[in-house]
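The values are calculated or read from the model by the stated rules, or taken from the named source; none is laboratory data. Bear in mind the structure is a predicted one, so any value in this text is a computation, not a measurement. Virtual Cβ from ideal backbone geometry, glycine too; neighbours counted across all protein chains shown.
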Amino acid sequence: MSLPVSHAEAPAARGFRAASRALLQRTRETVRAYLGLTKTRIIEQLLVVTVPAMFLAERGIPPVGLIVATLIGGAMAAASAHALNCVVDADIDAVMKRTARRPIAKGQVPTRNALIFGLVLGALSSVWLAFTTTLLAAVLSVAAIAFYVLVYTLILKRRTSQNIVWGGAAGCMPVVIGWAAVTGTVEWPAMVMFGVIFFWTPPHFWALAMRYREDYAAAGVPMLPVVASPAKVTLRIVVYSWVMAACTLLLLPATSWIYAVVAVLGGTWFVYKSHRLHAGIVAGREAQPMRLFHLSNMYLCALFAAIAVDAAIGLPVLFS
């Protein structure tokens, strides 16, 4: 009598396993889609500058628990801003090849769900930072989200070629938030680091926008490379590179020779590369802006790594 039962159970068991696999696959795809809304690669870059700012604020190594709490809160705040950005820019993302695979553009996440997801993340990040770090850090995180979404995405991005210049201020906030998480205040070294990232952002992003100029033009976004000639764009890259390199030197009174060496050599190399890009354009050679784009990432990581090492070692500052 058991044989008919076993034959009856076998298809049911196979069906259950198939349904379980399908459910697991859908769950994975959903999780990946929501992670895609947060632009995790950009979050990594933001967190890279947060920890060194905390080290410098502490003049050493802050408590590990505070670092972890700040990184969690900062990651949620950045994820919130990026998710809300995807909601507002869904029409642009669908047109541009570089962003066409984003979750809303592909129809993987409904716009309403993405909006709720972004707002909930933003609320959680502010509450988390307020209870685990300082109230000022929480307030600054809310301000960063609001500025990125309301000022940059909704107002500046589609209206002016200076969008990334002023809108990039939101990307400078992690260093200020990290400083505030340690000290409960915002002091001049935090503002210098803010300035470094502020002046670093246009060369970094304009190089990328040169590569994807046709994408931005098709989407009707007036990024500088869309409305200005390559020679004018690269000339502005040179100017901002010089200002950025000069701004890094303002941090010398709070650091030792370790940071000074990296700031001087790294800044010199970055300025040299920006000049080469401009000279090549003027001479009529094929532009290779992505080289400067990748260099900009490495430069910023090296500069802030030097800040962290400098503060952790605790050598005497240059101008005490």
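Does residue 112 meet the test of being touching a residue at least 60 places away in the same chain (Cβ under 8 Å) and either over 19 Å from the mean Cα position of the chain (by Cα) or assigned to a loop (DSSP other than H, G, I, E, B) (or both)? Steps first, please.
Numbers: touching a residue at least 60 places away in the same chain (Cβ under 8 Å): no; either over 19 Å from the mean Cα position of the chain (by Cα) or assigned to a loop (DSSP other than H, G, I, E, B) (or both): yes.
No, not satisfied.
Of all residues in segment 230-263, which are of a type in the set (S, T, N, Q) and farther than 16 Å from residue 205 by Cα? I'd like the intermediate steps shown before the answer.
Just the residues of segment 230-263 that are of a type in the set (S, T, N, Q), to begin with: 234, 241, 248, 255-256.
Across segment 230-263, the qualifying residues are 248, 255, 256.
I'm checking my understanding of the structure. Among residues of segment 275-316 that are under 24 Å from the mean Cα position of the chain (by Cα) and free of Cβ contacts under 8 Å to residues at least 12 places away in the same chain, which one is nearest to residue 193 (Cα to Cα)?
Only one residue fits best here, namely 298.
Taking residue 160 as the residue in question, decide whether it is at pLDDT 95 or above and among the polar types (S, T, N, Q).
no
Residues being under 22 Å from residue 105 (Cβ atoms), in contact (Cβ under 8 Å) with a residue 12 or more places away in the chain and of a type outside the set (S, T, N, Q): count how many of those fall in segment 22-49.
Selection size over segment 22-49: 8.
Taking residue 172 as meeting all but one of (1) assigned to a helix (DSSP H, G or I); (2) farther than 21 Å from residue 76 by Cβ; (3) free of Cβ contacts under 8 Å to residues at least 60 places away in the same chain, write down the number of the exception.
If we test residue 172 against (1) assigned to a helix (DSSP H, G or I); (2) farther than 21 Å from residue 76 by Cβ; (3) free of Cβ contacts under 8 Å to residues at least 60 places away in the same chain, just (2) comes out false.
If residue 117 meets every condition in (1) crowded, with 24+ Cβ neighbours inside 10 Å; (2) within 19 Å of the chain's Cα centre (by Cα); (3) in contact (Cβ under 8 Å) with a residue 60 or more places away in the chain apart from one, which number is that one?
Tallying (1) crowded, with 24+ Cβ neighbours inside 10 Å; (2) within 19 Å of the chain's Cα centre (by Cα); (3) in contact (Cβ under 8 Å) with a residue 60 or more places away in the chain, residue 117 fails exactly one: (1).
Applying the selection to segment 259-308, what residues are β-branched (Val, Ile, Thr) and either touching a Gly at 6+ places or on another chain (Cβ under 9 Å) or modelled with pLDDT of 95 or more (or both)?
Taking segment 259-308 first, the residues β-branched (Val, Ile, Thr) are 261-262, 264, 268, 271, 281-282, 307.
Residues satisfying the conditions are 261, 262, 264, 268, 271, 307.
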